């Protein structure tokens, strides 16, 4: 198979195992390219990509922009806060105006779940979901999977603990979908108030004791507390959260085996993870950042070729 089964990347839920394997193998080729002296390839020359970010983003937006430029695409950047959206323009008007400029692909982050699906039904451009509310963040799950593969060689049978604010995390949901499809075992760990009621129906086990989850897993993916999505208080204080669910060097060193530490960023240092853990030799957080460019290059390249 050399083509994706989908026209857009709206969520991991829509991808087949073959799609995921194709994206990850293509990313491996691109990672080789971006580590060469000449980092640019002409694969998407004459393709125009619009980055539409209706929510704040630094890493994801820069990663997509770098991926697009490495592929020689023409790039249009759009930030909602400095656009006509702040004057009341609708999503579809905004996009139609951008499409009138002859854009071929749209990379979009939006606070509303399903915004990418809505867009895909109304416009002809290829859509890449760069995060929609607390729903999905497919390229983050793909780069996380690629990073795990680099260290562990296979996802099948890999034990992954996802720790933190599961309720508000699109990263958790996309990771769960992908890891389940690829045969990994998943445990979610965090306060009961930050655990969705439906979570066990997704084929994962819930663990409320951090040390038990860490002792069980091969990989711990530490999520940040998403205070910007929390409309009520889900736990007494950040200090109490850190005491129960924060990962420090003492906890890490007390485990009976070495585990891999991941974090989708941005890190709240000293809350879900301490600096000495984030910067330790067990952490692959910076590898995730580097792999993000290669994975997003693969996604854009494959979608551009999809008929």
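The table below lists the values:
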quantity: Spin-label pair residue 34/residue 13, simplified geometry with 7 Å Cα→Cβ offset, distance in nm; calculated: 2.8 nm
quantity: Theoretical gain in end-to-end length, residue 25 to residue 290 [0.36 nm per residue, Cα-Cα removed]; calculated: 93.8 nm
quantity: Ranked packing of 135-145, 153-163, 246-256, most packed first, by mean Cβ within 10 Å; calculated: 135-145, 153-163, 246-256
quantity: Cα gyration tensor shape of segment 109-215, rounded if a/c is under 1.5, else prolate or oblate by comparing a/b with b/c; calculated: oblate
quantity: Whole-number percent relative contact order across the chain, with pairs defined as alpha carbons under 8 Å at least 6 apart; calculated: 21 percent
quantity: Gain in span if fully extended, residue 238 to residue 211, counting 0.36 nm per residue against the direct Cα distance; calculated: 7.9 nm
quantity: Order by protection proxy (mean Cβ within 10 Å, highest first), peptides 7-15, 37-45; calculated: 7-15, 37-45
quantity: Net lengthening on full extension, residue 56/residue 101 (0.36 nm per residue, minus Cα-Cα); calculated: 13.8 nm
quantity: Likely footprinting exposure, 225, 273, fewest C-beta neighbours within 10 Å first; calculated: 225, 273
quantity: Residue order, fewest to most beta carbons within 10 Å, for 64, 54, 30, 235; calculated: 235, 54, 30, 64
quantity: Between helix 17-34 and the chain: long-axis angle, C-alpha atoms, 0 to 90°, nearest 10; calculated: 80 degrees
quantity: C-alpha long axis of helix 285-305 to longest principal axis of the chain, angle in °; calculated: 30 degrees
quantity: Antiparallel DSSP beta bridges within segment 104-197, as percent of all bridges there, nearest 5; calculated: 10 percent
quantity: Ranked list, fewest to most other Cβ atoms within 10 Å of each Cβ, for 148, 243; calculated: 243, 148
quantity: Ellipsoid semi-axes in whole angstrom, largest first, where each is sqrt(5λ) of the Cα gyration tensor of segment 138-288; calculated: 21, 19, 14
quantity: With Cα atoms, 0 to 90° folded angle of helix 170-181 axis to the chain main axis; calculated: 90 degrees
quantity: Selected from 169, 283, 275 as most flexible by GNM, with the chain as the system and alpha-carbon contacts under 10 Å; calculated: 275
quantity: Calculated FRET efficiency for the pair residue 198/residue 304, C-beta based, R₀ 35 Å, to 0.05; calculated: 0.50
quantity: Rounded to 5, the percent of DSSP beta bridges in the chain classed as antiparallel; calculated: 5 percent
quantity: Stokes-Einstein D (µm²/s) once Rh is taken as the Kirkwood radius of the chain over alpha-carbon pairs, at 4 °C in 1.567 mPa s; calculated: 65 µm²/s
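We did not get these values from a lab; they are worked out from the coordinates using the rules stated. Quick caveat, the model's predicted, so the values are computed rather than measured. Quick reminder, even Gly has a Cβ in these numbers, built from the backbone with ideal geometry, and neighbours come from all protein chains shown.
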